[in-house]
Every structure is written in C-alpha cells, then in structure tokens.
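*Asks:* This is the structure I have questions about; it appears just below.
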C-alpha cells in the first residue's frame, strides 16, 4: 500500500466510507473524527499500531463520513404522535416484534431466565398494541404510548438498562421508525425523489469507482449500503456490516432492492458483526439469507461483544480488534 501524506495525488489511494445508522442529527466532522479514532484504537488492539496515524489523519485512505441524518427530519409532521405517524406505525410495531423475538431467542440460548421474563413482558405489550382495532379503539397516541412502554421495558435488560442515550422507549421510537421510513420509499421531495433515493445519492456522492473502496456500515446504514453498493460500479475489497437488521424477515429482507437478496457484485469480502446485547439486531447470521455474487462472496458473521452500555453504537464495534483488524489488513494489502 502507498500512503499519501499531505496534498499529494489521490490516484490509486484507497477510499474508506463510514455509513451511519439510526439516530439523531449528526455533525459530519465530529462523527468522522470519532469513528476514525475508534477504528484506530481497534487497529492498535489488533496489532496494527503502525496504522493508527494513517487512520486518524486519513493518510491510509481518503476517509469520508456519509451523513444523511438531516433527511429524516421533517418540517411538517402533522398527524404524528411523538414523531410517529399512523402510516409509520405498522412497520414500527413489526420491527419491535422481530426485535423481541430475537432477544428472546438469545436469552433462551444463554439460559437467562430474568432477561426472558423482561422480554416476555415487552412482547405482551407489543401484542396488545398490534391488535387490529388498537388504533381505531384507542387512538394513535395511546398505541404509541403502549409501544413506548414496551421499549422502556426492553431497556431494563442487562447491558441496556443503564444506557444513557435514551432514558425511555418513547424517546427511542422515532429513531427506530427510521428503518421503516427508509423502506417505505415515500416522502418525496419537490423533485419527486423518495427519501430512500435521496439517502443513497448522499452516500454515493463523491466516490471514485476507479479506486478501491472499503465500506463500514452500521445499523440502518447496512440496509442503505446494501442497496447503494448494488448501484456502485467500482471494486469493494471489504464491506463490514455492524449491528445489521438486513435479515429481518418481512420488515427488511423482503423489501430490499434488488431481489432476491444477494451480495453486491463488486464486494470481494463481506464481514458481518453483531453483539448479543444489541437491541436492533435480529437474525444476525446474514449468510443464511443472502445469495452469493458472481465472485462467490457471502457474508461471514461473527459476534463482537463489546460489553458496553448501549451497544447499538458504531464506535463500540469499531474499537473491537476483530472488526478493525481486517480493515487494517486490507488497507495494507491494497
């Protein structure tokens, strides 16, 4: 690999793209610094201390943070309850149902009866919210409140209950709804482009297909990356997905484009990581749900338990040596 320092030519220099997931509005330069620093810390832990400055200073690759968070904030949210519209509610409730199913499965595998009881309680609240006449009989605000209570119950799980990012499920609901809003492929702008189209354009903007691209995507960003990379014509020596909901049945998997679900053509290696305490991950083993591309590439899934509070953050994953190590190795081999 040829490291280019300062204002030298970019010809042949690798590209490193960070794609964020659900969350509040972000500041690009702050996020780029935090993601790069976490990745550098993970590289050091993986035995690549020589690449720390290259990652933090963007010498090893031209690094960019694809920020589309502002596109989720609407000037007109009429008819919404706590940021959730009646149209968004069914997809959000389906997401919650899949989340609790997977969390319950993981608790059962671990023999964790206490967590199982918490999850069962949350699932009962979600089922009550999804009754056919729930919205008509109770009103939108009542259903959203019940769904919020279910998420608040889930936040009592070990590893989540002391999370400082959200103190209640009602605060978290609009953030979780971003998955459904992207896949609804609506919310057109003045030019008629849907929210999903605008997000993918933001992600792909400025990339150079003549240079190798490493992609690290998180949460909803893995869904965005999946669809964007199917449009991308350049080489992708490494794609890393973190805390991905890609295999979430009818909610995500069956709504992906293109179909059937398949590794994007340019991807040469796909590593997928998940944390047991990550509340957003369901069906973590993506290789069971993805067809290989022409190169024979399918996802390779591994757990990367971070043992931190609120594990559904990209920086927790990036600082893990098993995540950062392959990035460092790929950069050194380009």
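*Asks:* Report the calculated FRET efficiency for residue 210 and residue 87 (r = Cβ-Cβ distance, R0 = 41 Å), to the nearest 0.05.
*Replies:* Once rounded, the FRET efficiency stands at 0.45.
*Asks:* Once R0 is set to 41 Å, what does the formula 1/(1 + (r/R0)^6) return for the Cβ-Cβ distance between residue 285 and residue 233, expressed as a FRET efficiency to the nearest 0.05?
*Replies:* 0.90
*Asks:* Can you give me the distance in nm between label points at residue 120 and residue 322, each placed 7 Å from the Cα along the Cα-to-Cβ direction?
*Replies:* About 3.0 nm separates the two model spin labels.
*Asks:* Label residue 57 and residue 184 with points 7 Å out from Cα along Cα→Cβ: what is the distance between them in nm?
*Replies:* The answer from the label model is 4.7 nm.
No value in this document is a laboratory result; all are computed from the given coordinates. From a predicted model like this one, the values you see are computed outputs, not experimental measurements. Glycine gets a Cβ as well: all are built from the backbone with ideal geometry, and neighbour counts include every protein chain shown.
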